[in-house]
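Participant: The structure under discussion is supplied below as structure tokens; questions concerning it will follow.
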């Protein structure tokens, strides 16, 4: 069991015992092997010094949250945000992505060494619509949740969104927690992937980020999905209908 755990987390040193359990559960289901209890995973990782070090919570101030971001079914609300990170040679890669607020899949994304632009947001919108098969006038309208960044609230971006079947929705000013799902996604990508992947320059970082996002979608266990990955969750949802 120890070897199985070490193999599962060796490329993902930031995974705790619950996500480790999610990985091992998937592997055992694929191999028709007996399941293992999450408490057993915890005990074994504790006994062999494999648990993550606990982080001390810092006192903070209460922050306003407007409404609930998650939805019950896929393709009802997508959220979008951007983030940046620095490569070893000093180049900055700026990323914009779209995430489904039900299954948590990163549907589409793009990155550039330049600034955030409306073109980047519109490219992400269009790719997301094409990948999910949204058809104007046929498919239900999908909410597009974002902050009030200039690339999101530009008249051309909002008009384009409506033309392809999206309904632009922005968070209240000074309330980034209202787009907390996208904020959480940024934290996860930086902690579990960007912080560990090679990024000597922007070109290499872009290529490795593509690999990281594909891994996240296919394999990353998500607590809100009962420690299934986004695509695993979607496949199970389809098979149960």
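Participant: Taking the number of other C-beta atoms within 10 Å as the exposure measure, put 21, 78, 144, 109 in order starting with the fewest.
Facilitator: Numbers: 21 24, 78 31, 144 27, 109 21.
Placing the least packed residue first, the sequence is 109, 21, 144, 78.
Participant: Where both residues lie in region 75-197, what percent of DSSP beta bridges are antiparallel, nearest 5? Don't skip to the end; give the middle numbers.
Facilitator: On the way: 15 of 23 bridges.
Antiparallel bridges: around 65 percent, rounded to the nearest 5.
Participant: First measure r as the distance between the Cβ atoms of residue 138 and residue 71, then evaluate 1/(1 + (r/R0)^6) with R0 = 22 Å and state the FRET efficiency to the nearest 0.05.
Facilitator: Values: r = 20 Å, r/R0 = 0.90.
After rounding, the FRET efficiency stands at 0.65.
Participant: May I pose another question? Can you sort 95, 121 so the residue with the fewest Cβ neighbours within 10 Å comes first?
Facilitator: Numbers: 95 23, 121 27.
Taking fewest neighbouring Cβ atoms as first place, the list is 95, 121.
Participant: Just to confirm the number: angle between the C-alpha axis of helix 17-30 and the first principal axis of the chain, 0 to 90 degrees, nearest 10?
Facilitator: Taking the Cα atoms of the chain, the angle to 17-30 is about 80 degrees.
Participant: Sort 96, 238 so the one with the fewest other Cβ atoms within 10 Å of its own Cβ comes first.
Facilitator: Values: 96 26, 238 9.
By the 10 Å Cβ count, ascending: 238, 96.
Participant: For helix 230-239, report the angle its Cα long axis makes with the longest principal axis of the Cα atoms of the chain; keep it between 0 and 90° and round to the nearest 10°.
Facilitator: 90 degrees
Participant: Rounded to the nearest 5, what is the percent of antiparallel bridges among the DSSP beta bridges in the chain?
Facilitator: On the way: 16 of 24 bridges.
Counting only bridges with both partners in the chain, antiparallel ones make up about 65 percent.
Participant: Could you give the angle, 0 to 90 degrees to the nearest 10, between helix 118-132's Cα long axis and the longest principal axis of the Cα atoms of the chain?
Facilitator: Rounded to the nearest ten degrees, it is 60.
Participant: Let me make sure I get this right: for region 117-241, a, b and c are the square roots of the gyration tensor eigenvalues over alpha carbons, sorted descending. Under 1.5 in a/c it's rounded, otherwise prolate if a/b > b/c, else oblate. Which is it?
Facilitator: Verdict is oblate for region 117-241.
Participant: Strictly greater than 17 Å: what percent of every Cα pair in region 72-170 meets that? The partial results should precede the final answer.
Facilitator: Numbers: 2306 of 4851 pairs.
Result for the distance tail: 48 percent.
Participant: I would also like to ask the following. For the chain, what is the convex hull volume of its Cα atoms per residue in Å³?
Facilitator: Numbers: hull volume 37.2 nm³, N = 241.
Output value, Cα hull per residue: 154 Å³.
None of the figures in this text is laboratory data; all of them are computed from the coordinates on show. In this text, all values refer to a predicted model and were calculated from it rather than measured experimentally. Ideal geometry is used to build each Cβ from the backbone, glycine not excepted, and the neighbour counts take in all protein chains shown.
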